[in-house]
Amino acid sequence: MPILNKSILFVALCFFSTISFASDSNHQKSHYIGIFAGVLDADESETLLGIEYEFKINSHWGVGFVYEKASDAHHGDGITSKIIAGYYHPMAGWRLGAGFGRETVGGAHGHIESLTHYGVSYEFHVGGIGIEPSFNVDTIDGETVNVYGVALVWAF
């Protein structure tokens, strides 16, 4: 079983096994989905769009996934990233994340590479929508890529 499938299974097990342990979820929503737009700063600056999901186990811990696409990256071949992540919320608004996944490079010489993902973000609210500026660092095949962006987040 490939490592990404094992990772998805792990997150699913965490999700279902922690529902009964999320004791402070009576006053806090547990599911967060966001639409992300940012700039991928590697050899060239490229636009990155994505979607992210987090299940908050309690007020400090969460698990989730990230799907990102940069159509013009890698010299126009485009990249797609799929990441499984864990999150720590040290205080209100702040989120630290770490994860791993796969980056798929398109084009005639397309290939798949492993990646690690680290990030920090701060969420504030305008009405019922969270606005979450973030900075992430991805390491792919020994190369470091900085990602700057913002997500619009909805809780349910």
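Ranked by the mean number of other Cβ atoms within 10 Å per residue, highest first, peptides 143-154, 123-134 order as 143-154, 123-134.
Based on the Cβ-Cβ distance of Met91 and Glu44, what FRET efficiency does E = 1/(1 + (r/R0)^6) give at R0 = 35 Å, to the nearest 0.05? Walk me through the numbers before you get to the answer.
Working: r = 36 Å, r/R0 = 1.02.
Result of the calculation: an efficiency of 0.45.
Values quoted throughout were computed directly from the atomic coordinates according to the rules given, and no laboratory measurement underlies them. Computed from a predicted structure; not experimentally measured. Don't worry about glycine lacking a Cβ; one is built from the backbone with ideal geometry, like all the others, and counts go over all protein chains shown.
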